[in-house]
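A.B. asks: Submitted below is the structure of interest, expressed as structure tokens.
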Amino acid sequence: QVQLVESGGGLVQPGGSLRLSCAARGSIFTISTMDWYRQAPGKQRELVATTTSGGSTNYADSVKGRFTIARDNAKNTVYLQMNSLKPEDTDVYYCHALLRATVLHTASDYWGQGTQVTVSS
């Protein structure tokens, strides 16, 4: 069984930094994309940043230049370095991975449990 385990959320002042981590654990054959989403209460979940197994990255316009996504393929882990945080970055952040658990499986979506990020003075 595959699990995505997140860590690193918390409370930070505006202008501060946080680093989120997400480790994929369990039976894993291959991982295609690993992403970070965020969601506020009553709103749709939005894509923040994504990275492929080859290292390509893409960002939402609202976080470009402030957030950096990085991936350690050997550890099946993805990170989100968040700098110059703003109050509007306050959300629950979710890790997502598109992966195959075994060679017999097709690619499926997996989600982390979510971690709260609060930016406030």
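The values are calculated or read from the model by the stated rules, or taken from the named source; none is laboratory data. Here the structure is a predicted model, which is why all the values come from computation and not from measurement. Note that we place each Cβ from the backbone using ideal geometry, even for glycine, and neighbour counts take in every protein chain shown. With ligands, DNA and RNA removed, areas are computed over all heavy atoms of the protein, side chains included. Shrake-Rupley method; radii C 1.70, N 1.55, O 1.52, S 1.80 Å.
A.B. asks: Of everything in region 108-121, what is open to solvent by 40 Å² or more (accessible area, probe 1.4 Å) and either without any contact (Cβ under 8 Å) to a residue 12 or more places away in the chain or touching a Phe, Trp or Tyr at 6+ places or on another chain (Cβ under 9 Å) (or both)? Give them in sequence order.
C.D. replies: Matches in region 108-121: SER108, TRP111, GLN113, GLN116.
A.B. asks: Identify, from the list SER32, SER27, the residue that is outside any helix (DSSP H, G or I), touching a strand residue (DSSP E or B) at 6+ places or on another chain (Cβ under 9 Å), loosely packed, with under 14 Cβ neighbours inside 10 Å and not basic (Lys, Arg).
C.D. replies: Within the list SER32, SER27, the selection yields SER32.
A.B. asks: Additional query: I'd like the residue in region 40-87 that is on the phi > 0 side of the Ramachandran plot and free of Cβ contacts under 8 Å to residues at least 24 places away in the same chain and, out of all such residues, is farthest from the chain's Cα centre (by Cα).
C.D. replies: Result: GLY42.
A.B. asks: What number of residues in region 89-107 are open to solvent by 40 Å² or more (accessible area, probe 1.4 Å) and at pLDDT below 95?
C.D. replies: So the answer is 7.
A.B. asks: Same structure, new question: Residue by residue through region 60-112, note down the ones that are closer than 24 Å to ILE31 by Cβ, outside any strand (DSSP E or B), hydroxyl-bearing (Ser, Thr, Tyr) and in contact with a strand residue (DSSP E or B) (Cβ under 8 Å, 6 or more places away or on another chain).
C.D. replies: Passing the criteria: only THR106.
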